[in-house]
Amino acid sequence: MGFFNKLLRKIPENVTAHIINPNTGYQTESWTVGTDVSEDSVSRLADGEDIYVVHVYEAGEMKQIICKREIWLSTKAQMDAIDIEGQAAMDRTKKKFDELK
């Protein structure tokens, strides 16, 4: 996006942050532009009044990554697949324990 297009684009006062966290799952929060998220991030990465956030953990510390919607959707699909497989493994384990009774 060119410099003049950025100047002409209206930045909302608030955005809805769609957040994926591997520990807590999916949630939304209302963020104030300029306080919770920079105008630059909103102008570059927001989809209307929505912004997409992925929490990752490195060396035990949470890092927040703001990304394009397409990347967020791909990440969410991967996390959902992990959750589904984890639940299936738990179900198989429970079934084996029940068979031992």
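The values are calculated or read from the model by the stated rules, or taken from the named source; none is laboratory data. Bear in mind the structure is a predicted one, so any value in this text is a computation, not a measurement. All Cβ positions, glycine included, derive from the backbone under ideal geometry; neighbour counts span all protein chains shown.
Under the condition of being in contact with a Lys or Arg (Cβ under 9 Å, 6 or more places away or on another chain), of a type outside the set (Val, Ile, Thr) and farther than 11 Å from His18 by Cβ, which residue from the stretch 48-67 is modelled with the lowest pLDDT?
Tyr57
Among the numbered conditions (1) part of a helix (DSSP H, G or I); (2) loosely packed, with under 14 Cβ neighbours inside 10 Å, tell me where Lys10 comes up short.
(1)
Which of the strands (runs of 3 or more DSSP E) found entirely inside the stretch 22-101 contain at least 1 residues meeting this: in contact with a Phe, Trp or Tyr (Cβ under 8 Å, 6 or more places away or on another chain) and surrounded by 10 or more Cβ atoms within 10 Å (Cβ to Cβ)?
50-58, 61-67
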